[in-house]
1. Has the stretch 105-115 got any residue that is modelled with pLDDT under 95, open to solvent by less than 10 Å² (accessible area, probe 1.4 Å) and not in a loop (DSSP other than H, G, I, E, B)?
2. Taking residue 344 as meeting all but one of (1) free of Cβ contacts under 8 Å to residues at least 60 places away in the same chain; (2) open to solvent by less than 20 Å² (accessible area, probe 1.4 Å), write down the number of the exception.
3. Please indicate, with yes or no, whether at least one residue in the stretch 311-321 is out of contact with any Asp or Glu (no Cβ under 7 Å at 6 or more places or on another chain), farther than 26 Å from residue 472 by Cβ and buried (at least 20 other Cβ atoms within 10 Å of the Cβ).
4. Working only within the stretch 210-251, note down all residues that are at pLDDT below 75, in a loop (DSSP other than H, G, I, E, B) and open to solvent by 30 Å² or more (accessible area, probe 1.4 Å).
5. If I go through the stretch 449-478 residue by residue, how many of them are more than 22 Å from residue 280 (Cβ to Cβ) and either open to solvent by 40 Å² or more (accessible area, probe 1.4 Å) or assigned to a loop (DSSP other than H, G, I, E, B) (or both)?
6. Would you confirm, using the coordinates I've provided, whether residue 123 is outside any loop (DSSP other than H, G, I, E, B), open to solvent by 10 Å² or more (accessible area, probe 1.4 Å) and under 25 Å from residue 235 (Cβ atoms)?
7. Which residue is modelled with the highest pLDDT, if the candidates are limited to the stretch 495-514 and must be more than 20 Å from residue 450 (Cα to Cα) and open to solvent by 60 Å² or more (accessible area, probe 1.4 Å)?
8. Give me the residue from the stretch 274-297 that is assigned to a loop (DSSP other than H, G, I, E, B) and without any contact (Cβ under 8 Å) to a residue 60 or more places away in the chain and, out of that set, surrounded by the most Cβ atoms within 10 Å (Cβ to Cβ).
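The values are calculated or read from the model by the stated rules, or taken from the named source; none is laboratory data. Since the structure is predicted, the reported quantities are computational estimates derived from the model, not experimental observations. So basically every Cβ, Gly included, is an ideal-geometry build from the backbone, and we count neighbours across all protein chains shown. Ligands, DNA and RNA are excluded from the accessible area calculation, which covers all protein heavy atoms including side chains. Shrake-Rupley method; radii C 1.70, N 1.55, O 1.52, S 1.80 Å.
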Amino acid sequence: MVNYMDRLKPEYQEQQQEEIGTFTSPPIPFNAIQLPPFPTRKLTPWVREAVQDISRFTQTPEDAAGGFSFATAGAALQKKVRTEARPGWMETPNVYLMIGMGPGNRKSSIAKSMTEPINIYERNEVERVAPIMRREAAELKAKQRRLETLNAQYAKKGDKESLDQIMTLDYEIGETTISTPERINTNDVTPEKLARLLSENGEKMAILSADGGGTFMSMGGRYDKSNAYSSMDLYLHGHPGDLVIIDRVSGASIKLEEPLLDIGLFVQPENLQNPPAAFKERGLIARFMFFLPNSFVGYRDINPPPRDEEIRARYIRNMIRILEYKGPEIVFKLSPDAWKLHLADTNLNEIERRPGGSLHSILEWANKLDGLLIRLATQLHALDHAETFPAVPEMIPGETMARAIAFKDYLIAHAKKAHGMMNDSSGDSLAEYVMEKIATHKDLKGKETLSRRDIHQVVKEKNGLKMADFVPVLDQLEDMNYLTHDRHGKSKKVYINPLFVQEPDKYIELKDAAAKTAAENLSTTHMRDSRGIEGKAQLTEITTAPTVPDHLRVRGVKSNESIHIDDETGKGTIL
């Protein structure tokens, strides 16, 4: 692959004109692309243990619970810590996260286990505040009755003493507020209700949900489609903590000086397809981390070990210690080593944001990557010292910054996958969708030379894809050896790799071809009849096993048997 810095040089652009249409290797099949594994080992040890314990118990990928751990940590830490990366640049610990997993993947069990400390804390708050609420309500009622008596007395006598008492008491009643239990988390909530919750809870709130599809859509005005842009304001400003003023026709206005929102949503993969255009136009999508774990359905232990109670208790204890802190906000700073690592990584990211760079196709998201990694470092540093919280060293060490950066490859790969799904209602990546159209559309198939405009016209029929968003897709396909395209010439020609033109089904799954093959397999395969007698021909195996960690190997029905799943072939062996 070409060095991305060289792409900007005039000599490279001249050389490229000679190389356009030249292919030295076959395309990379889309099904050969593997998303990088989640670096669980980089989490804080007591969080890592909890993530692995929950994953083992629920028989789910570690990045499901691991990703949700960022959202739960953000909920506990917001308004308690932040990091001054450099003078004038502050990053808060709250994050926006979406985890895409299909039905039957035990999302509710994961979310319930990860948010258990928050639920316990909120129940304790209800019990603590209940007697205070009763006393305050009784005092308020007594004052209101006293005010009624004074008003009646003043109506009869009109004396100045009664009037002074009325004014004093009326002021006290107006200033009286009834205590409420602190809320940390909500789920399916309207923007107006969310604003009230923020106002009542120190301008911080989390939205953590195992069924976040409805919440995701409500961000764009689920109940008022005509007001989608204004409905998003709170979610847009709640990520960096910007001023929000909500003026309502009925009721008092709400002014939030620095509202912080923390969001962690499990969603169905189809929720990521074709989100409202306003989400991208206003930058809401760019604020989210995306996790797309493999599904272990069909490869799970049907009788997993129970939760480790010691690990569970430690997780709950440390999280509640953080939640109970009510002191001033703690400000971290980057140590010299951490700052050097951050600068080096930021410089690499900046290069990859250039046209042709690996981050250019998700540029809006990539522009927030540097700040996101500071947020993760903030979380890791605070959680590393949870047992002594709030006694936490001011300086974030270089080792902690390096651990945060270790999540970058995972975050980028999953963001690219998610952004591809958003531009294709079928759920396939946009790049693969483009190549499918080149292989099957009547105006494009069989040709080695096409115009950029012709391809774009076909693709945008379904997706409404703008040319500015289409060019980065061509860059991605060029990196995968499917095509080359003229970026600088007037022709804007696109040259397709001849190997793909000759055998497209070797590199992508053609839906029509797949249906035809399935029908042929069905007609030539003798299926097991109702008596359980198996025919001579064997049905071709068409499923691929996910990479399943050793502690999640599937055990058989019999207690003395187990099935080992081969990571490379996906085949099972009874042991």
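1. Checked the stretch 105-115: no residue is modelled with pLDDT under 95, open to solvent by less than 10 Å² (accessible area, probe 1.4 Å) and not in a loop (DSSP other than H, G, I, E, B).
2. (2)
3. Checked against the condition, which is being out of contact with any Asp or Glu (no Cβ under 7 Å at 6 or more places or on another chain), farther than 26 Å from residue 472 by Cβ and buried (at least 20 other Cβ atoms within 10 Å of the Cβ), the stretch 311-321 yields at least one hit.
4. 222, 223, 224, 248, 249, 250, 251, listed by residue number.
5. 3
6. When the stated conditions are applied, residue 123 does not pass them.
7. Selected residue: 506.
8. That would be 276.
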